[in-house]
Amino acid sequence: MARPRCQLKGAMVQQFQTCSCVTLYKTRSHPSSRRSTIANFSVAHSFCSTRISLSRKMTDHKEVAVEQDAKALEAGAPEAPSQTPNDQTMERLDIFEAPKIRTKLRITAIMIALNLVLFVGALDQTIVATSIPTISAALHSAAGYTWIGGAYLLANAATAPMWAKFSDIWGRKPVLLAAVVIFAIASIIAALSKNMEMLIAARALQGAAGGGLMQLVFVVISDLFNIRTRALYLGMMGFTWALAGSAGPLIGGAFTELVSWRWCFWINLPVCGLSFILLLLFLDVHNPRTRLREGIVAVDWLGTICILAVTLLLLLGLDFGGAIFPWSSPKVICLIVFGTAMIGFFVFSEKRLAQYPLMPLSIFNNWSNNAIIIVAFAHSMVSIGVEFYLPLYLQSVKQASPLRSGILIIPMMITEAAVDILSGILISRTGRYREITWAGLALMTLGTGLYINLGIDTPVARIIGFEIIGGIGTALLFQTPVIAIQNTVSQADTASATATMSFLRNLATSLSIVLGGVIFQNGMASRHSSLVDAGLSGPVLDALSGDHAAANVEIIKSIQDTAQRRAAQGAYAWSLRNIFIMYTSVAAVGLVAGAFIKQRHMSTEHTETKTGIQQLTKRESAS
């Protein structure tokens, strides 16, 4: 059946609009450019003619669809658009480029580099978990126990959105290489630290750079592969994340016991060096070559200050409350109130003031996206909390050495690593992520709830069983929220959406450690009277009270009287039980939120995002 002339003409016009980077509305907006527009018409028309001729070789089912469209037109039905308005606008603005054809060698080299980068970033979240008591003793500061880990996580959370926007302005490759260099420098400073203040400052700088490493890895993956293939590679990244997070306590314990705690930081240097070389030679994503001065002007500095203020004020207020100052203290109240107020100012800045906002607030307009974010937040709180406080249980209650406590976590490490890569394969083949999310939430809630039963006499075999159950649930949730959120936004907004997700996950990890520390310190303080009744001496009581308890687990071994030692172990077990109750409640909230996640089609088509100020301007003008 022949096409109606109006339909054929409309199809040719649509082909021309799709192929040409010059549109009619731009010509009307800029009269001076009409001559160049007309001059380029012949080139665009030649290209489009080729494309139209190729379209005649479509498959049978597409030819049938065309004829059905023609019949619908003759019947008077309106023609359905081949693209959404948003897709058409994005294509006219030319902010995408066709995917590059990369050799297997190049892809392999890039993936090795990205996995190494992610490994060191995730490793430093937990590598000090089993080493903190030794570090605190070596630097003569028990008060810094929480902040050796907390400073890294806090800076990591606060800076994640900045790195994504930096990569939008200057390009992925230069910004990722800069993050690797800064991370290596911070690791050197941490390894050479002479006091607790120097170490905490170095850990904060490490965390800031680590936020860039972990953030940009997922952004680069989204630039390289379509959403279905991306699931497979994100599964590999999840494997690396789980391996690093779970192996961190083991590696840290081994270094602390066999060499020196300073090797927890020296180990980063060869990894950073190798990844830097591979990225420099093989990573070939779009590079806009933005000038430094132009890029600095384009950064949303007001939004950056607001997000830093929100993170620092809230977490410091929660950390000080009940531990250093009473909750009714003006200092604690002011920190929490002003931190909360800065959230509102940040939202106002992003909506009204920022030319290139740090976060696309539009993602919060979708209830399914909000459910995904709640799930990711809950998962991050629970997973880092278990990795951080389970070694403390093993060292204090079960009297394991740092190395042995790391070994006892290996079952969880292996489980998480294996399940995570299997989930990536499953998502890639089926295109389904909602059901996997549900299963992960149920098992994570169950596994975390089982930790509540940990006591002085709990057998090691039972502990390992709990680790496996919780590990399966945790592993299923490493990548599914990332896949889900990326599947709901346009390719151009993938970096910002991923940054928002990463920021909230990092904020959750920081909040988790701080809240866990507050609950633990308050729990030990409430058990003070029972320790007095057991007959413990004054110096031991001081060492096991409040914020000093976590750094002084070795003192328990020096208690000769069996009843007194069991009383001390019982105080630790009771305080840690309260922590696991909190984490189980958080997991349950995630389980409820997971019911509202909507499954969407996962496409196999892909375009690579162009970066730079010009592309940001086009994108903002189209939104």
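The values are calculated or read from the model by the stated rules, or taken from the named source; none is laboratory data. Predicted model, so just to flag it, every value in this text is computed and none were measured. Note that each Cβ is placed from the backbone with ideal geometry, even for glycine, and that neighbours are counted across all protein chains shown.
Let's see how each residue does on (1) touching a residue at least 24 places away in the same chain (Cβ under 8 Å); (2) of a type in the set (A, V, I, L, M); (3) under 30 Å from Tyr433 (Cα atoms):
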| residue | (1), (2), (3) |
| --- | --- |
| Val337 | no, yes, no |
| Phe348 | no, no, no |
| Lys351 | no, no, no |
| Ala354 | yes, yes, no |
| Asn365 | no, no, yes |
| Ser368 | yes, no, yes |
Point to revise | Boolean, Ser545 is over 17 Å from Ile513 (Cα atoms) and touching a His at 6+ places or on another chain (Cβ under 7 Å) | key: yes
Check your understanding: Is there a residue being closer than 21 Å to Ala129 by Cβ, part of a helix (DSSP H, G or I), in the same structural domain as Thr126 (by TED's automatic domain parsing) and β-branched (Val, Ile, Thr) anywhere in the stretch 418-441?
Key -> no
**Study point:** Of residues in the stretch 534-550 being part of a helix (DSSP H, G or I) and free of Cβ contacts under 8 Å to residues at least 12 places away in the same chain, the one surrounded by the most Cβ atoms within 10 Å (Cβ to Cβ)
**Key:** Asp542
Check your understanding: Which of (1) out of contact with any Phe, Trp or Tyr (no Cβ under 7 Å at 6 or more places or on another chain); (2) farther than 20 Å from Ser428 by Cβ does Arg527 not meet, given it meets every other one?
Key -> (1)
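Can you list the helices (runs of 4 or more DSSP H) lying wholly within the stretch 251-353 that have 2 or more residues being more than 23 Å from Pro133 (Cα to Cα)? Give the steps one after another, and end with the answer.
Details: elements: 263-266, 268-282, 292-298, 301-320, 330-348.
In the stretch 251-353, 268-282, 292-298, 301-320, 330-348 are the helices (runs of 4 or more DSSP H) which contain 2 or more residues that are more than 23 Å from Pro133 (Cα to Cα).
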Review point. What do you reckon, is Thr509 crowded, with 19+ Cβ neighbours inside 10 Å, assigned by TED's automatic domain parsing to the domain that holds Ile384 and out of contact with any Ser or Thr (no Cβ under 7 Å at 6 or more places or on another chain)?
Key: no
Exercise for review: Read through the list (1) modelled with pLDDT under 85; (2) over 20 Å from the mean Cα position of the chain (by Cα); (3) surrounded by 15 or more Cβ atoms within 10 Å (Cβ to Cβ), then give the number of the only condition that Leu313 fails.
Suggested key: (1)
Exercise for review: Identify the single condition in (1) surrounded by fewer than 18 Cβ atoms within 10 Å (Cβ to Cβ); (2) in contact with a helix residue (DSSP H, G or I) (Cβ under 7 Å, 6 or more places away or on another chain) that Arg293 does not satisfy, given that it satisfies every other one.
Suggested key: (2)
Exercise for review: Of the conditions (1) over 25 Å from Thr134 (Cβ atoms); (2) part of a helix (DSSP H, G or I), Ile597 clears all except one; give me its number.
Suggested key: (2)
Point to revise | Criterion violated by Ser380 - all others in (1) touching a helix residue (DSSP H, G or I) at 6+ places or on another chain (Cβ under 7 Å); (2) surrounded by fewer than 15 Cβ atoms within 10 Å (Cβ to Cβ); (3) assigned by TED's automatic domain parsing to the domain that holds Ile110 satisfied | key: (2)
Practice item. Among what's in the stretch 345-372 and is surrounded by fewer than 21 Cβ atoms within 10 Å (Cβ to Cβ) and β-branched (Val, Ile, Thr), pick the residue that is farthest from the chain's Cα centre (by Cα). Key: Val347
